[in-house]
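The values are calculated or read from the model by the stated rules, or taken from the named source; none is laboratory data. Owing to the predicted nature of the structure, the values given are computational and were not obtained by experimental measurement. Quick reminder, even Gly has a Cβ in these numbers, built from the backbone with ideal geometry, and neighbours come from all protein chains shown. With ligands, DNA and RNA removed, areas are computed over all heavy atoms of the protein, side chains included. Shrake-Rupley method; radii C 1.70, N 1.55, O 1.52, S 1.80 Å.
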Amino acid sequence: ETGVTQTPRHLVMGMTNKKSLKCEQHLGHNAMYWYKQSAKKPLELMFVYNFKEQTENNSVPSRFSPECPNSSHLFLHLHTLQPEDSALYLCASSQELEGGNGYTFGSGTRLTVV
Amino acid sequence: GENVEQHPSTLSVQEGDSAVIKCTYSDSASNYFPWYKQELGKRPQLIIDIRSNVGEKKDQRIAVTLNKTAKHFSLHITETQPEDSAVYFCAAKALYSYNQGGKLIFGQGTELSVKP
């Protein structure tokens, strides 16, 4: 483990279901992120939280709803998803400082929408 | 908006040869450029990074170069080994202040295959 833990690892859900993805980091980082990774596509930034405040929403549909109750936890609530939302959802964290810093990724949740 | 272009999308080399992956970025404010390696079924892992005040950085068999004027940066892997086979992503980030947070914009990825 890298210090960023995502659960569940795999999720299959129907289009009318509601589910949540969870991310937890034990690195003392001050920023957390959700990325979507689809087959043959680049990593797409979805949301950015800095000091638990949302600083970026990259035009994500409202069927994806993030929540960041504190600097260590990040959730992605899912409802009425479409089959095209099937992808690997990666959480990442970083310690933001001037000059930039790398992200530490979790192992991801493999989501399949049926 | 910000954009990062990465080439080639696939790269096949013989063991022992060198591999070069190139990226260009659009946001001139970008000041941090990491490279990630993602093995099949695993998470992306940071392998090397470079900041805008540096032109080149090397770590054993991997090196990264940055040309700010041309807005492009490259990853160089020498003496490639089969375990180098993976998808490599470049990324660029503009960090304006530490409390705003910076967003990493990724390239499309390069699938590197090293044949023994």
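Looking at region B:84-105, can you tell me whether even one residue there is within 14 Å of chain A (Cβ to nearest Cβ), surrounded by 15 or more Cβ atoms within 10 Å (Cβ to Cβ), at pLDDT 90 or above and more than 15 Å from the chain's Cα centre (by Cα)?
no
Please name all residue pairs, on different chains or six or more residues apart, with Cβ atoms under 6 Å, provided the first residue is in region A:49-68 and is more than 9 Å from chain B (Cβ to nearest Cβ) and touching a residue at least 12 places away in the same chain (Cβ under 8 Å) and the second residue is assigned to a loop (DSSP other than H, G, I, E, B) and buried (at least 17 other Cβ atoms within 10 Å of the Cβ).
A:Lys52/A:Ser71; A:Arg63/A:Leu81
With region B:33-73 as the region, which strands (runs of 3 or more DSSP E) entirely inside it contain at least 1 residues that are facing chain A (nearest Cβ under 9 Å)?
B:45-51
Can you pull out every residue in region A:29-52 that is of a type outside the set (A, V, I, L, M, F, W, C) and open to solvent by 60 Å² or more (accessible area, probe 1.4 Å)?
Here is the first cut: in region A:29-52, the residues of a type outside the set (A, V, I, L, M, F, W, C) are A:29-30, A:33, A:35-38, A:40-42, A:44, A:49-50, A:52.
A:Lys40, A:Lys41, A:Glu44, A:Lys52 - these are the residues of region A:29-52 that are of a type outside the set (A, V, I, L, M, F, W, C) and open to solvent by 60 Å² or more (accessible area, probe 1.4 Å).
I need every pair where a residue in region B:52-72 that is within 19 Å of B:Ala94 (Cβ to Cβ) has its Cβ under 7 Å from the Cβ of a residue that is basic (Lys, Arg), sequence separation at least 6 or different chains.
B:Ser52/B:Lys68; B:Val64/B:Lys57; B:His72/B:Lys22
Which one of these does A:Leu90 not meet: (1) more than 10 Å from every other protein chain (Cβ to nearest Cβ); (2) surrounded by 19 or more Cβ atoms within 10 Å (Cβ to Cβ); (3) in contact with a Ser or Thr (Cβ under 9 Å, 6 or more places away or on another chain); (4) outside any loop (DSSP other than H, G, I, E, B)?
For A:Leu90, the exception is condition (1).
Only one of these conditions is not met by A:Ala39: (1) over 12 Å from the mean Cα position of the chain (by Cα); (2) in a strand (DSSP E or B). Which number is it?
Looking at each condition in turn, A:Ala39 falls short on (2).
Look at B:Gly109 and say whether it is facing chain A (nearest Cβ under 9 Å) and either open to solvent by less than 30 Å² (accessible area, probe 1.4 Å) or over 30 Å from A:Asn30 (Cα atoms) (or both).
Considered against the rule, which asks whether it is facing chain A (nearest Cβ under 9 Å) and either open to solvent by less than 30 Å² (accessible area, probe 1.4 Å) or over 30 Å from A:Asn30 (Cα atoms) (or both), B:Gly109 comes out as yes.
Considering only residues that are in a strand (DSSP E or B) and open to solvent by 70 Å² or more (accessible area, probe 1.4 Å), look in region B:13-32 and name the one that is farthest from the other protein chains (Cβ to nearest Cβ).
Looking at the filtered set, the residue picked out is B:Gln14.
A:Thr55 versus (1) in a loop (DSSP other than H, G, I, E, B); (2) more than 20 Å from B:Glu39 (Cα to Cα); (3) open to solvent by 60 Å² or more (accessible area, probe 1.4 Å): which is the lone unmet condition?
If we test A:Thr55 against (1) in a loop (DSSP other than H, G, I, E, B); (2) more than 20 Å from B:Glu39 (Cα to Cα); (3) open to solvent by 60 Å² or more (accessible area, probe 1.4 Å), just (1) comes out false.
For region B:45-55: of the residues being at pLDDT below 95 and in contact with a Leu (Cβ under 8 Å, 6 or more places away or on another chain), which is least open to solvent (accessible area, probe 1.4 Å)?
B:Ile50
Go through B:Thr65, B:Thr78, B:Thr10 for me and flag whichever is open to solvent by 60 Å² or more (accessible area, probe 1.4 Å), of a type outside the set (Lys, Arg) and farther than 20 Å from A:Leu88 by Cα.
Being open to solvent by 60 Å² or more (accessible area, probe 1.4 Å), of a type outside the set (Lys, Arg) and farther than 20 Å from A:Leu88 by Cα holds for just one of B:Thr65, B:Thr78, B:Thr10, which is B:Thr10.
Just the residues that are within 13 Å of another protein chain (Cβ to nearest Cβ), open to solvent by less than 20 Å² (accessible area, probe 1.4 Å) and β-branched (Val, Ile, Thr), please, taken from region A:93-114.
Listed by number, the list holds a single entry, A:Thr109.
Could you list, in sequence order, the residues of region A:58-68 that are over 15 Å from A:Ser86 (Cβ atoms) and open to solvent by 40 Å² or more (accessible area, probe 1.4 Å)?
If the condition is that a residue be over 15 Å from A:Ser86 (Cβ atoms) and open to solvent by 40 Å² or more (accessible area, probe 1.4 Å), then A:Asn58, A:Ser59, A:Ser62, A:Ser65, A:Glu67 are the ones that fit.
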